[in-house]
Amino acid sequence: MEGRQHTGQPGRAGGDLVTGRWWRRNWWGLVALVPALALAFYAPVKDLNDRYGAGKPRQPVYSTPGGWVEYGGARMRLVDLARADDVKDYGGKAVTLAGGARIWRATLEFAVPDPDTIGGCELLLESSGGSTFSNGPNELGHADVIDQGCLPDILAKPAPGAAYRADSYFVLPATARPVAVQVTLATKLPRYARLSPP
Amino acid sequence: MSQPGGWPPPPQAWAPPQPWPQAVAPQWAPPQWAPPVAPQPAYEQRPIRSHRDPRPGGRLGHRLGVAVLLVVALAAGALLSRYTPDVDSAQRPFIRTGHIGQTVTLPDFTIRVRSVRGAAVLSQSGANHDTGGVWILVTVRLAALHEPVSVGYMALRDAAGHTYRASGRVNQLLIGWRLQPGVPVAGEVAFEVPVAVAANLAVRFARPTQEDFLRMDAVGEVPLSISDSQVRGWKADSTPASPAAPAVTS
Amino acid sequence: MASRPLAARVAALPLRWFGIGAGVLALGVSGFAGGLNPVAAPGTPQVQPSAAVDAGPVKVTVLVGRVVSDLSPIKPDEDGDRWFMVIATIEVTANDSRVTPDPLRVPHVAGLLHKKPDRVLLSRDGTDVDYLNPGMPERVAYLWEQRPDAPVPATVEVDILGETYRTNSLTGGKEWLPDDDADQPRATVQVPVQDKRT
């Protein structure tokens, strides 16, 4: 092919300029760029969010009030949730907390082939305001109580699958109203059991 | 053929028409296809031998241009890396400050420094602990906001940016205490610092237990108003001081 | 073709040749300046007892070695074992409190259970060292559990390991990390060993 070169205009190559014709031909691509970018970012952001959320209790397994729930290979229910004003310290003196803070006791019932499989559970008391409170708090470090968590009494040896009860203690401010107990097993996150009192 | 009877003889002046001149007799021939002829361009055509700029001196100018661009790119890169914040700067913690008696609110908990005192000797569980510097005891009230949280990092920071973590020589129950929302706990935290820096200190609190994990975390900071004379007085007093144990407060 | 001037011929050379040529020239100049000469591995400097050694975030002054039978209430893991200790003054020169500085090793002492010290105690009150603070030199005892039948040396060679303030390749941030050649101590010091067995 023979080349062409404009005499008097050295260096100028031929080709299409960005004319109005270019915009008319390509407007659809620019419009499609917006959803394309959104889709491109959606997957990695969702992936990050899922990974972050996978380690948090986000998916409750609800129970009926006082009813049984299947979670982590165990059946469990909340038998009782009440104020524990009778807690004493090792000297026999009643435990009182400044600022009107109150002690609450939750009694749970479990039925599981091997209690050690749920021994590492985390218990949280949920209040009507959405706050959560952990069991076995430092404020009761000198109280003469045993916080069992999800395990049976240390001297009891329930038969595999037989039901047993376990008490846990919480400290809440005077204005807080507890509404449920959350039972979380780290290996089952983001699912957790949300037990309502009878 | 003889003329039909009765017709008058043609006028003498009439002469039969002359036959067509042979030269202009039309002869029809099918048209022949000829390739279209390109319009003659108004410019000069030359065969392509090279794609290089044929202008004299153009090649050298091109090389110089490349060299200049390289230098500019390197300089721009150097400027960028010089003035872009490094990782430590970009991931530094978020500091919220207050003063003694004021509540400092972080995302997960609140801090209120109530008072500060000092001593030359600390006593706990029957054992006395002296120091090469001076003991600083900070009374602080901590409260979780929405869920249980532990404050694992407590340190003093001097004017030169040195940090002094809470002492491990005595039992410090407030460090790592699991705070319950709405149930404030107050206690005294003990630090050991050189005498020379004791009058220019701020106390810092954060959740993580390791300093490396302070990156991009929230840190509460409260300057401690300590005078040189106070420090001298504390250092001179050999009466042991006992840090107050944590307890629920209002 | 008519002969072209030298400059034009040089200018007509491929650009790649210029790049390779510049690289070869740089290597050559470096070679003349000694850049290609082999470097001898540095030996470990030997320092006098009680000389301060800069180990990075801390300054170390090794004072004396000691063998002790009983350090009650601190008990060895195995009954009958004794303690081999090195006493040094450690001063934090970094900007923040250092978690249990551990720069000493005694590679030629027989009968030790571990290479790293088993306990690190503050001479001032015998408490375990959690942190040492900047600008506050402290006498620290590094303890190794030792078998009772091991010979008691008259002197001990103590290696002082160092750390460098450099970028952590994982986080990108700067921190004190062991020297690149972790087996190469910053310095070695020979100190007498006191036999304080009962």
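Taking the numbered list (1) crowded, with 19+ Cβ neighbours inside 10 Å; (2) under 18 Å from the mean Cα position of the chain (by Cα) in turn, C:P134 passes all entries but (2). Residues in the stretch C:103-131 that are away from chain B (no Cβ under 14 Å), surrounded by 14 or more Cβ atoms within 10 Å (Cβ to Cβ) and either free of Cβ contacts under 8 Å to residues at least 24 places away in the same chain or small (G, A, S) (or both): C:G111 only. Within the stretch A:71-93, residues that are open to solvent by 70 Å² or more (accessible area, probe 1.4 Å) have Cβ atoms under 6 Å from residues that are assigned to a loop (DSSP other than H, G, I, E, B) in these pairs: A:R75/A:W68; A:K88/A:D144; A:Y90/A:D144, counting only partners at least 6 apart in sequence or on another chain. Criterion applied to C:E91, C:E78 was being assigned to a strand (DSSP E or B) and either touching a residue at least 60 places away in the same chain (Cβ under 8 Å) or charged (D, E, K, R) (or both), and the one residue passing it is C:E91.
Could you check, for the stretch B:211-222, whether at least one of its residues is more than 32 Å from the chain's Cα centre (by Cα), at pLDDT 95 or above, closer than 26 Å to B:H146 by Cα and of a type in the set (D, E)? No, every residue in the stretch B:211-222 fails to be more than 32 Å from the chain's Cα centre (by Cα), at pLDDT 95 or above, closer than 26 Å to B:H146 by Cα and of a type in the set (D, E). Meeting the requirement of 3 or more residues that are facing chain B (nearest Cβ under 9 Å), the strands (runs of 3 or more DSSP E) wholly within the stretch A:90-141 are A:132-134.
Starting from residues that are open to solvent by 30 Å² or more (accessible area, probe 1.4 Å) and touching an Asp or Glu at 6+ places or on another chain (Cβ under 9 Å), keep the ones in the stretch B:155-167 and report whichever is nearest to the other protein chains (Cβ to nearest Cβ).
Step one: of the stretch B:155-167, the residues open to solvent by 30 Å² or more (accessible area, probe 1.4 Å) are B:157, B:159-160, B:162.
Subset that is touching an Asp or Glu at 6+ places or on another chain (Cβ under 9 Å): B:157, B:162.
Working: B:R157: 9, B:H162: 5 Å.
Per the stated criteria, the residue is B:H162.
When only residues in the stretch B:215-241 that are open to solvent by 70 Å² or more (accessible area, probe 1.4 Å) and part of a loop (DSSP other than H, G, I, E, B) count, which is nearest to the other protein chains (Cβ to nearest Cβ)? Checking each candidate, the answer is B:M216. For the stretch C:44-74, the set of residues classified as outside any strand (DSSP E or B) and surrounded by 16 or more Cβ atoms within 10 Å (Cβ to Cβ) consists of C:A55, C:G56, C:P57, listed by residue number.
Residues of the stretch B:201-214 that are of a type outside the set (K, R) and within 13 Å of chain C (Cβ to nearest Cβ): B:L201, B:T209, B:Q210, B:E211, B:D212, B:F213, B:L214. Selection within the stretch B:86-100: residues that are in a helix (DSSP H, G or I) and surrounded by 13 or more Cβ atoms within 10 Å (Cβ to Cβ). The member of this set that is nearest to the chain's Cα centre (by Cα) is B:V87. Could you list, in sequence order, all residues of the stretch B:168-191 that are open to solvent by 10 Å² or more (accessible area, probe 1.4 Å) and in a strand (DSSP E or B)? Correct list: B:R178, B:A186, B:E188.
Of the set (1) outside any loop (DSSP other than H, G, I, E, B); (2) surrounded by 15 or more Cβ atoms within 10 Å (Cβ to Cβ); (3) among the small types (G, A, S), all apply to A:G66 but (1). Inspect the stretch B:131-149 for any residue being facing chain C (nearest Cβ under 10 Å), among the charged types (D, E, K, R) and assigned to a strand (DSSP E or B) and give the result as yes or no. No, every residue in the stretch B:131-149 fails to be facing chain C (nearest Cβ under 10 Å), among the charged types (D, E, K, R) and assigned to a strand (DSSP E or B). Apart from one condition, C:G80 fits all of (1) open to solvent by less than 40 Å² (accessible area, probe 1.4 Å); (2) at pLDDT 90 or above; (3) not charged (D, E, K, R); the exception is (1).
Beta carbons closer than 8 Å, at least 6 apart along the sequence or on distinct chains, pair a first residue in the stretch A:163-178 that is within 11 Å of chain B (Cβ to nearest Cβ) with a second that is of a type in the set (F, W, Y) and open to solvent by 20 Å² or more (accessible area, probe 1.4 Å) for A:F170/A:W104; A:V171/A:W104; A:L172/A:W104.
Of the residues making up the stretch A:142-186, those that are open to solvent by 60 Å² or more (accessible area, probe 1.4 Å), of a type in the set (D, E, K, R) and outside any strand (DSSP E or B) are A:D144, A:D153, A:K157, A:R177. For the stretch C:146-198, taking the residues that are of a type in the set (A, V, I, L, M) and within 14 Å of another protein chain (Cβ to nearest Cβ), the one that is least open to solvent (accessible area, probe 1.4 Å) is identified as C:L177.
The values are calculated or read from the model by the stated rules, or taken from the named source; none is laboratory data. Bear in mind that the values here come from a model prediction, so they are computed numbers and not experimental data. Reconstructed Cβ throughout: ideal geometry from the backbone, glycine too, with neighbour counts over all protein chains shown. Just the protein is used for accessible areas: all its heavy atoms, side chains included, with ligands, DNA and RNA removed. Shrake-Rupley method; radii C 1.70, N 1.55, O 1.52, S 1.80 Å.
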